[in-house]
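Heads up: the structure comes next, in structure tokens.
What follows draws every value from the coordinates through simple rules; no lab data is involved. All values derive from a computational prediction rather than experimental measurement. Neighbour counts are summed over all protein chains in view; Cβ atoms, including those assigned to glycine, are modelled from backbone coordinates with ideal geometry.
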Amino acid sequence: MPGNSFGQAFRLTTWGESHGAAVGCTVDGCPAGLELTVEHVQHELNRRRVGQSKVSSQRQEPDQVQILSGVFEGRTTGTPITMLVFNTDAKPGHYENIKDLYRPGHADYTWDVKYGFRDWRGGGRSSARETIGRVAGGAVARLLLARAGVSIIGYTLQLGDDLRARTFDEAEIERNIMRCPDAEVAALMVERVDEARRSLDSLGGVVEVRARGVPPGLGEPVFDKLQADIGKAMFSIPAIKGVELGEGFAVAGLRGSEHNDPFVRRLDGAIGTATNRHGGILGGISTGEEIVVRLAAKPPASIARPQQTVDREGNPATIEVHGRHDPTVLPRLVPIAEAMLALVLADHLLRQRMARV
């Protein structure tokens, strides 16, 4: 099965299944000499980890990472970096009674029709547990970007169709379980998610990710536009149904005079823009302004309500998906989206260094 790797100069390959022995990744292309410890990676995995609160899955996994290769005496060697996380709380038995039924909103049918065989234990490779490898690889990318002065921050912007952050307090993001920068709205979000969980339902929403300090010139002008690679990265995350950059779909209602960002010379002599409606990218290439990306996440498909479906033979059936599932993906989506943006930017940073002499 192809399609398990992402990136060119900085390349990530993930492996493993939700209820298999382990999940992990291999990072290739990381330069030698980068300071990297287990603690760097573990910090990000802890933010993604299940069982953190009542708004996430209650599967209990420590997600303790092991670095198997590519690091010596706390620094990268320039060789492939392989990282592993053992699954310790897998319960495939939760799925045995529905293994021949197609779960609505899941990849069960499409995997069967493509391969004629699938791992029914929690979705196998299509499970969001695969994103452990993305977050681990993204942790390495973030360290590389930090050396270039680039930082990335993500947060829950909106839950459902009406609860949206009205204020922005960056310090608040990691203080509440929704990872929302508005404390008052975050409390309402928690109540809404708990209500959905108790009614055996789930909720979607919007996560916003910003990259600061990105140098101008990253990206290619045709098929490898920076926003194209960002879009591919974000759409590859389970549950993502929409991605927008800058003003996004709102540009459809604007005039050119309203959307264009005037160029200015800053106090430090650098050229920039007075506004940032383009979201930090023009012509597929970074401008040096903040890159702003928003992701629309669907409500998790695994709900314990009775739903209509069919079995592998096409016979009508009723299904109830029990077990441990997120009532919303938003808080755990934040570190995953940050990681994917970091992977894209690290890849293009290295490609840009090779593009000029």
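The table below lists the values:
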read-out	value
Radius of gyration, Dmax [the chain; alpha carbons; angstrom]	20.9, 69
Gaussian network model of the chain, Cα within-10 Å springs - most flexible of G138, G93, G204	G93
Sequence-separation-based contact order of the chain, relative, with Cα cut under 8 Å and 6+ spacing, percent	22 percent
Where only alpha carbons of segment 180-308 are counted, the Rg and the Dmax (Å)	18.6, 63
Trypsin sites (Lys or Arg not before Pro) within segment 214-291, DSSP loop, no more than 14 other Cβ atoms inside 10 Å	R255, R266
Ranking of H43, H325 by count of other Cβ atoms within 10 Å, fewest first	H43, H325
Trypsin sites (Lys or Arg not before Pro) within segment 281-325, DSSP loop, no more than 15 other Cβ atoms inside 10 Å	R312
For I281, I153, I271, I98, order by how many other beta-carbon atoms lie within 10 Å, fewest first	I271, I153, I98, I281
Residue with peak Gaussian network fluctuation, the chain [Cα springs, cutoff 10 Å], from P215, P327, P300	P215
Loop GluC sites (Glu not before Pro), segment 310-357, which have at most 15 other Cβ atoms in a 10 Å radius of their Cβ (DSSP)	E313, E320
Point-to-point label distance, T79-Y109, nm (Cα→Cβ direction, 7 Å offset)	4.8 nm
In nm, spacing of pseudo-spin labels at L267 and A252 (7 Å Cα→C-beta vector)	4.1 nm
GNM result for the chain, Cα springs below 10 Å: residue of Q308, Q66, Q227 fluctuating most strongly	Q308
Global geometry of segment 119-221, whether rounded, prolate or oblate, following the gyration tensor of its Cα atoms and the 1.5 cut on a/c	oblate
Length released on extending from S151 to A304, taking residue separation times 0.36 nm less the Cα-Cα span	51.2 nm
Sequence-distant residues sharing a close amide H with H19 (under 5 Å, placed H)	G124
Which of P306, I319, C30, positive extreme of dipole for the chain (C-beta unit charges)	C30
Inter-probe distance in nm under a simple model that places probes 7 Å from Cα toward Cβ, at N276 and T37	3.1 nm
FRET efficiency, 1/(1 + (r/R0)^6) with R0 45 Å, evaluated for F117 and E174 via beta carbons	0.60
Percentage relative contact order, segment 193-332, counting C-alpha pairs under 8 Å, at least six apart	36 percent
Lys, Arg +1 and Asp, Glu -1 on Cβ, resulting dipole of segment 5-355 about Cα centre, debye, nearest 20	280 debye
Gain on full stretching of the segment that runs from K225 to D162 - 0.36 nm per residue minus C-alpha separation	19.4 nm
Fewest-first sequence of R134, R332, R305 by Cβ atoms within 10 Å of each Cβ	R305, R332, R134
Exposure rule at most 10 other beta-carbon atoms within 10 Å, DSSP loop chymotrypsin sites (Phe, Trp or Tyr not before Pro): the chain longest free segment	224-357
Helix-only CD estimate at 222 nm, as mean residue ellipticity for the chain, using -39500 (n - 2.57) per DSSP H run (n ≥ 4)	-8000 deg cm²/dmol
Farthest positive-ward along the chain dipole, Cα basis, beta-carbon charges - from Y102, L295, N260	N260
